[in-house]
1. Using a 1.4 Å probe on the protein heavy atoms only, what accessible surface does ILE143 show? Give it in Å² to the nearest 10.
2. Quickly work out the ALA178-to-ILE193 label distance, labels modelled 7 Å from Cα along the C-beta direction, and quote it in nm with one decimal.
3. Could you check how much of the accessible area of the chain is carbon and sulfur, as a whole percent, using a 1.4 Å probe?
4. Using a Cα-Cα cut-off of under 19 Å, which lysines could be cross-linked to LYS96, ignoring same-chain neighbours fewer than 8 residues away?
5. For the chain, what does -39500 (n - 2.57) per DSSP helix run (n ≥ 4), summed and divided by total residues, give at 222 nm, in deg cm²/dmol to the nearest 500?
6. Expressed as a whole number of Å, what is the distance separating the alpha-carbon centroids of the stretch 130-145 and the stretch 30-64?
7. Where in the stretch 153-190 does the label zone of ASP71 land, with the point 7 angstrom along Cα→C-beta and an amide N cut-off under 11 Å?
8. Do you know the relative contact order of the stretch 1-135, to the nearest whole percent, from alpha carbon pairs under 8 angstrom that are 6+ apart?
Amino acid sequence: MRIGYLGAGTWGFTLAGLLASKGHEVVLWTASEEFAKLLHKKKEHPKLSHYKVQEGLTVTPHLKEALSSIDFLVESVTAMGIRPVFEQVLAEGPLKCPIVITSKGIEQNSGLLLPEVVLEVLGQESKNQISCLSGPSHAEEVIQKLPTSIVSASYDAQLRGRVGELFTTPFFRVYPNADLNGVAFGGAMKNIIAI
């Protein structure tokens, strides 16, 4: 399976690596050409030293490359960046694959949850394509393969199952949840408590 991944922070790098370790072809997009070159050259994330870029994972600063012929799109950008990034995604053409939101937060000014932001940008016809992956988790622990449990939420029951299957490993368990907005809100509150 070919997966486009938006956002090369520690969480994006970790989950993109997890997907690549399962044999998927993952194209990790970063808006910074310099950062893409750094990851390509050093083969490790500067904030996660000692963990090499997984085989099957490529890094690109070109959004079109990350969106080309993909079966899934996963995002790990910031809450503030999710709207402009998905506006760029939309500008590249209609998106026909499922979307997995892994960022946590509430959009400033609008007060929208992140799945609501993506839905507003892409349109109501994308409602059953949107899912959310959330739970008490840290990149530093997941990359070490420490046991982690999270949930996959979507309006579509079949998509919840597909996302769970996509991400689940012996150490990273994903459980389905029908309450997309509740999971997104819980993720945002978790960040506040963490801070």
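The values are calculated or read from the model by the stated rules, or taken from the named source; none is laboratory data. Every value quoted in this text rests on a predicted model; they were computed, and no experiment measured them. Because the Cβ atoms are built from the backbone with ideal geometry, glycine has one as well, and the counts that use them run over all protein chains shown. Calculation scope for accessible area: heavy atoms of the full protein, side chains included, ligands and nucleic acids excluded. Shrake-Rupley method; radii C 1.70, N 1.55, O 1.52, S 1.80 Å.
1. Near enough 30 Å² of accessible area.
2. Distance between label points: 2.4 nm.
3. Whole-percent figure for carbon plus sulfur exposure: 53.
4. The qualifying lysines are LYS64, LYS127.
5. My calculation for the chain gives -11000 deg cm²/dmol from helical runs alone.
6. One Cα centre to the other: 19 Å.
7. Under cut-off, by backbone N: 166.
8. 24
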